[in-house]
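*Asks:* Take a look at the following structure, please.
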Amino acid sequence: MVIRGGLIAACLLILLGCSSATQTTLYQRLGAEQGIAAIVDGLLYEIEHDERIVHHFADSDIGRFRAMLSEQLCDLTGGPCQYSGSSMQESHTGFNITLADYDALVEGLIKVMQRQQISIADQNALLALLAPMYKDISYR
């Protein structure tokens, strides 16, 4: 009887482990709060060192930008945050952002995710969440 009860308990643990593994959010797979912070900090470094786009951030409050981007990524990826910043259209008005500018930022983000050894699947999942925003931030 003890063996049977132990076997049932082991099976339940395995099933629960499989169940929770398949239900992880992108937020969790990216490393939760610390992982998002590392992505944002890495992206800020890339922006600072990219002469193609750094001028777009010259008058930005970098502390606020960091906080809002962290919050937005947390929200988008299924984390416990709710984005409280301006819409992408509002916050990018007047910046004249081109497709080349957007691509440069995405290139920087990909470099950061590769350095952090984020899986290709999770990189693609994050990029897929961000891609639709291009229409809201681009210069028309």
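Laboratory data are not the source of any read-out in this text; all were calculated from the coordinates shown. Note that the structure is a prediction, hence the values are computed from the model and not measured.
*Asks:* Mind computing the radius of gyration and Dmax over the alpha-carbon atoms of segment 25-137? Å is fine for both.
*Replies:* My reading of the Cα-based Rg and Dmax gives 13.3, 35 Å.
*Asks:* Under 8 Å for C-alpha pairs, at least 6 residues apart: give me the relative contact order for segment 25-137, rounded to a whole percent.
*Replies:* 36
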